[in-house]
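A short worksheet on the structure shown next.
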Amino acid sequence: MKNKQLGAIALLAGIAIGSGMISLPIVLANFGILGSLALMTFFCWVSYVSGMMRCELNLHSQADFSLKDVGLRYGGRFAAIVGDISLKTLSFALLSAYIFGGASLLHSFLSTSLSFTVLALIFTATLALMFLLIPAFLIKINQHLFITMFLLIVVGIAGLTLCCDTHALPLWAKGVGHWRPWSTVIPILFTSFGFQGSLHSLTTFVDNDRTLINRACLWGGIIPVVVYSLWVVCVLTIIFNSDPESFQKMLIRPIEVSELIRILSAITKISFLQQAVWIVSFLAILTSIMGVGLSLKEVLTKDLERLQERAKSSKLNLKAFCSLSKRQTSIISILIMILPSALVALLVPNAFIRILNFAGIILALLAIILPVFLFKRMKKSQPLRESFGQSLARNVVFVTGVLIIMLGIFEILS
């Protein structure tokens, strides 16, 4: 039980502690330390409430833990389709951002003549081979990687703090009276705490134990906000004191992933700390890829199996497709998952920040708007006792979801 609980927490926290390790210092510079801490704490709470709301749907539903199934039960076919498309779109978007981020880190760290495109293709091929492993084994690997990353974060923060002069702190927000900083940071912040898209994969791992799911959601939010807070405060303070010119650039526009790592490496000037910063960033990307990839692979594999069943009863000659083994179906689902994500990562300039912004819009629809709608529909068929605080929290989260979508669209159009 304890091993499963630790694995479940590591899965959700590992998904959350991913893109945010790189993106949050980049986009939160305008808000200062105090504003950053307040925003991160608030979105940790939003993620927890939305996760509990999703669990409540699962708890009172006779369907499986898939949002598609719950949507079909309480919202009809349209809600099921919206939930299914949103989950897949979110997963593809996140994988694209992670592939871009991972390839950028490799390109900035390795002393090689290989281009970014070649490194991205090598990284993508490695991921495809990795997903051929048994899911339970991958979750176990993810657990160990998460623990390693957590320890390195502690070492990295301690080392950066001790080795750099920090005579002043960027406490206060700058330029937040304009729309642009808000439209950039809010969707990305929510994405950085978003683990809701992988809850169906989590329930399979813990054998639908709802107590473990609730604990995983709680600690899956608490651990990331602690880690993010320490990391963002440390990074912003060090860059503010040691490289004011780069800090000013961060106030004007979001910088590239590789540029942030280069700035931190140049500031430390200590080989061990430079490697620690790089490894922490890469492990954060890798643990997120595992969580998101496992969930998407499971969904795509089930879709292919359903198509096989339908093909067997159809009049079309699809014997080759119907005779595919589970292993072959799994390989096809991996290719469907990896190839489009890699293509987007290669074609979209500065893909990391842009795609995370888009992912925030989809996640708000998937994790807030649709569950609130389904929750209200469920209450009509199954009357529930709900306190004023619970109702207020759900309404606040719903308004936040609408705001995330509006700001994300504003960012894309501007």
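Which residue is nearest to Thr161 (Cα to Cα), if the candidates are limited to region 238-255 and must be part of a helix (DSSP H, G or I) and in contact with a Ser or Thr (Cβ under 8 Å, 6 or more places away or on another chain)? So, considering only residues that are part of a helix (DSSP H, G or I) and in contact with a Ser or Thr (Cβ under 8 Å, 6 or more places away or on another chain), the one nearest to Thr161 (Cα to Cα) is Ile238.
With respect to Leu283, determine if the residue is within 16 Å of the chain's Cα centre (by Cα), assigned to a helix (DSSP H, G or I) and touching a residue at least 12 places away in the same chain (Cβ under 8 Å). So Leu283 passes the test. Here the condition is being open to solvent by less than 10 Å² (accessible area, probe 1.4 Å), among the polar types (S, T, N, Q), at negative phi and within 22 Å of the chain's Cα centre (by Cα); of Ser288, Ser229, it holds for Ser288 alone. Scanning region 94-118 for residues that are among the aliphatic types (A, V, I, L, M) and open to solvent by less than 10 Å² (accessible area, probe 1.4 Å) gives Leu95, Ala97, Ile99, Ala103, Leu105. The listed residues are Ser258, Ser295, and the only one of them that is part of a helix (DSSP H, G or I), open to solvent by less than 10 Å² (accessible area, probe 1.4 Å), over 22 Å from Ser36 (Cβ atoms) and not acidic (Asp, Glu) turns out to be Ser295.
Residues that are modelled with pLDDT of 80 or more and either surrounded by 15 or more Cβ atoms within 10 Å (Cβ to Cβ) or hydrophobic (A, V, I, L, M, F, W, C) (or both) within region 306-340 comprise Leu307, Thr329, Ser330, Ile331, Ile332, Ser333, Ile334, Leu335, Ile336, Met337, Ile338, Leu339, listed in sequence order.
Residues that are over 23 Å from Ile355 (Cβ atoms), modelled with pLDDT under 80 and not hydrophobic (A, V, I, L, M, F, W, C): which helices (runs of 4 or more DSSP H) entirely in region 127-237 hold 3 or more of them? Spell out how you get there, then give the answer.
Working: elements: 135-163, 179-192, 199-205.
In region 127-237, 135-163 are the helices (runs of 4 or more DSSP H) which contain 3 or more residues that are over 23 Å from Ile355 (Cβ atoms), modelled with pLDDT under 80 and not hydrophobic (A, V, I, L, M, F, W, C).
The values are calculated or read from the model by the stated rules, or taken from the named source; none is laboratory data. Just so you know, these numbers come straight off a predicted model, no measurement behind them. Counting neighbours? That spans all protein chains shown, and the Cβs are built from the backbone with ideal geometry, glycine included. The protein model used for the area step is the full one, side chains on, heavy atoms only, and it has no ligands, DNA or RNA in it. Shrake-Rupley method; radii C 1.70, N 1.55, O 1.52, S 1.80 Å.
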